[in-house]
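Notes for the one structure printed next.
The values are calculated or read from the model by the stated rules, or taken from the named source; none is laboratory data. Because the structure is predicted, anything quoted here is derived from the model rather than measured. So basically every Cβ, Gly included, is an ideal-geometry build from the backbone, and we count neighbours across all protein chains shown.
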Amino acid sequence: MLVLTPTAVAVVTNLTTAAGAEGAGLRISSGNTPPEGGLQVEITPGPAEQDQVLSARGARVFLDPDAASYLDDKVLDANIDDQGGPHFMLTGQNPDGDSPTA
C-alpha cells in the first residue's frame, strides 16, 4: 500500500484545505497517460467510483485502480519549491515495509 511521509501528509492537507471542500483529496490516476507511462495528480472534491481511498493523519489520497496497483510498494514524499509550488516524489519502500525517514 502507498505510504505517505509526514511531509507529504502536510502538503496534501494544505492543498486540500485550500480547495475548501470537505472530503477533498489528492487524486492520483493513470488515465490518459502517454504509452511511456506517467501519473496525473489533481485535487478533487471526492474519490471517483472505483478509487481506493487512503487516509493518513487527516490527508486523503484517492488512487484509481491502475495507479493503486503501480503505487502499492511506493512511498509518496513532497516538498514546496521556492515559488510555493508543491512537488511530489516517489521512492520504493524499505524491505521491511517502513517508509524512509523524511
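Could you please let me know if Pro6 is free of Cβ contacts under 8 Å to residues at least 40 places away in the same chain and out of contact with any strand residue (DSSP E or B) (no Cβ under 8 Å at 6 or more places or on another chain)? Taking the combined requirement at face value, the residue does not satisfy it. Strands (runs of 3 or more DSSP E) fully within the range 3-102 that include at least 1 residues being modelled with pLDDT of 85 or more and among the hydroxyl-bearing types (Ser, Thr, Tyr): 25-29, 40-44, 52-56, 86-92. Within the range 11-23, the set of residues being under 12 Å from the mean Cα position of the chain (by Cα) and without any contact (Cβ under 8 Å) to a residue 60 or more places away in the chain comprises Thr13, Thr16.
Yes/no matrix, rows are residues, columns are (1) closer than 23 Å to Gly92 by Cβ; (2) surrounded by fewer than 13 Cβ atoms within 10 Å (Cβ to Cβ):
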| residue | (1), (2) |
| --- | --- |
| Leu2 | yes, no |
| Val12 | yes, no |
| Gly20 | no, yes |
| Gly25 | no, no |
| Pro45 | no, no |
| Ala67 | yes, no |
| Asn79 | yes, no |
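When the residues of the range 47-65 are filtered to those that are without any contact (Cβ under 8 Å) to a residue 24 or more places away in the chain and more than 12 Å from the chain's Cα centre (by Cα), the one that is surrounded by the most Cβ atoms within 10 Å (Cβ to Cβ) is Pro47.
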